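Since the structure comes first, as structure tokens, the remarks are kept for the end.
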Amino acid sequence: MKRFALLLLSLILMAGIMAGCSSSSSSGDEKPKDDSKNGDEVVTLNMFQFKVEIADQLQEMIGEFEKEHPNIKIKLESVGGGADYGAALKAKFASGEQPDIFNNGGFKELELWKEHLADLSNEPWAEHVLPIGKVPTTDTDGKLYGMPVNLEGYGFIYNKDLFEEAGITEPPNTISELKDAAEKLKDKGITPFSAGYGEWWVIGQHLLNIPFAQQEDPVAFIEGLYSGSEKLTGNDKFKEFKEVLDTEINFGNDNPLTTDYNTQVTLFASGKTAMLQQGNWTENMILEIDPDINMGFLPIPLTDDEAEADRLPVGVPNNWVLNKNSEHLEEAKLFLNWMVSSETGKRYITEEFAFIPAFDNIEPTGLGPLGKHILEYSKAEKTIPWTWFRWPDGANKEFAATIQEYAAGKIDYDTVVERFQASWDNLK
């Protein structure tokens, strides 16, 4: 009897072992569980971003993140500068290659992409975003869908040494002073402006923002354009815009219509031109070419009213957003939070990217001369807004094409403003 019991027990144990082996072998055909947080599997995030000027530094920062989080890898792709990021992003989604992390400008872009975006309202960094940083990606439902990349500003970057060489003792703030400075530079054999009219965003977005942003109430004016109660034709600021446009064209480099972003910046950085219509995002590129360049910002004036003219456009250039359908949404959220909360992330933002942070928990250390100048104007409240994110989708490119025709001498200025109005009406 005892021998039979032992035999029965042996059979039961053998059956258990066989069942265990069978279970193990069958589970090998199943998709492995995502245990990235437990260290069992590497997760790859696809990051698609537009700031090509920080592409190398961003890749280095990602390397630092991956050292601290060995189970998360980030594949970075940068499209910007002369390339159309918006069109490239649409192509990504259309092809099914949806990135986990990408950029969104907010306002009208938020409306266009909201169905794809994760709600970030309750992320730990959200309470530290400066008020100006929340505006673009806060929807009417009160939810926050984006994390601001940084604060930026633009205007005419000028070479102080070349100005001194031309006998210009005071930086010009009004349109008359700007014209006078351009004449003095030209008389000295110095090309006054780097005019990058080959880039739609330089002229159809940044430059044309000025008459929109100089309105008494820019938001109300743009809402009036949508409703039809306001017009671009006949508007004083758009009449005045002709002066700054003519000044840059008449005193600019040769072949402005074929001058792209890289050429435009390089002309200025190498001392071949005295002024550059760009923003503080060009700082790293300029300093790589000439580390000792003595530069600062001038406003883009429309009038001789100094109080009105002496202001710089400052805003949030873009925002980090997350694809709500990402298979690795929590890892993507972790990366965004690390960027603005870890000491390593903060250092890269301020020192390596030379960014003006849009967070109250990040000190703006390590800023170069251009970043410092933007910060000074911001603290002095001498700023105007970035309005193009509120324009109809595609308007900026049509505006640019019209400006290019004017620069080529094909149409007169009255036709320019009429075309602006027609583009708005067709696209709104």
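The values are calculated or read from the model by the stated rules, or taken from the named source; none is laboratory data. This one's a predicted model, so the numbers in the text were calculated from it and none came from an experiment. Heads up, the Cβs are rebuilt from the backbone with ideal geometry, glycines too, and the neighbour counts pull from every protein chain shown. Note: accessible area is taken over every heavy atom of the protein model, side chains too, but ligands, DNA and RNA are not part of it. Shrake-Rupley method; radii C 1.70, N 1.55, O 1.52, S 1.80 Å.
State which helices in the chain qualify, where a helix is a whole DSSP H run, it must extend 27 Å or more along its own axis by its Cα atoms, and its mean Kyte-Doolittle hydropathy must be at least 1.0. Intermediate values should be presented prior to the final figure.
Numbers: long enough: 2-27 (38 Å, 1.21).
Those that clear 27 Å and a mean of 1.0 are 2-27.
Strictly over 21 Å apart at the Cα level, which of K134/K324; K51/K239; K73/K134; K51/K428; K92/K114 would you flag in this model?
Values: K134/K324 19 Å; K51/K239 33 Å; K73/K134 28 Å; K51/K428 28 Å; K92/K114 16 Å.
In this structure, K51/K239; K73/K134; K51/K428 exceed 21 Å between Cα atoms.
For region 366-428, what are the per-bin percents of Cα-Cα distances with bins 10 Å wide, up to the bin holding the maximum?
19, 31, 22, 25, 3
Where in the chain is the longest stretch that carries no GluC sites (Glu not before Pro) classed as loop by DSSP and with at most 10 other Cβ atoms within 10 Å? All intermediate terms of the calculation are to be shown ahead of the outcome.
Values: sites that count: E30, E216, E381.
My reading of the result: 31-215 is the longest stretch.
How much accessible area per residue does the chain have, counting only protein heavy atoms and a probe of 1.4 Å, in square angstrom? The partial results should precede the final answer.
Details: 19520 Å² over 428 residues.
Ligands and nucleic acids excluded, the result is 46 Å² per residue.
In percent, how large is the relative contact order of region 152-206, given Cα pairs closer than 8 Å and 6 or more residues apart? Kindly include the intermediate steps, with their values, before the conclusion.
Working: 22 pairs, mean separation 14.0, N = 55.
Rounded, it is 26 percent for region 152-206.
Below 8 Å, C-alpha to C-alpha, sequence gap of six or more: please give me the relative contact order for region 126-276 in percent. Spell out each step's value before the answer.
Details: 150 pairs, mean separation 47.6, N = 151.
It rounds to 32 percent for region 126-276.
Could you give each residue of region 146-155 its phi-based ³J(HN,Hα) in whole Hz, using Karplus coefficients 6.51, -1.76, 1.60 with θ = phi - 60°, and x for Gly or Pro?
For region 146-155, the Karplus-derived couplings read x, 10, x, 5, 4, 10, 9, x, 8, x Hz, x marking Gly and Pro.
On a full-extension model of 0.36 nm per residue, what is the gain between L257 and K410, subtracting their alpha-carbon distance, rounded to one decimal in nm?
Numbers: separation 153, 0.36 × 153 = 55.08 nm, distance 1.28 nm.
That pair, L257 and K410, stretches by 53.8 nm at full extension.
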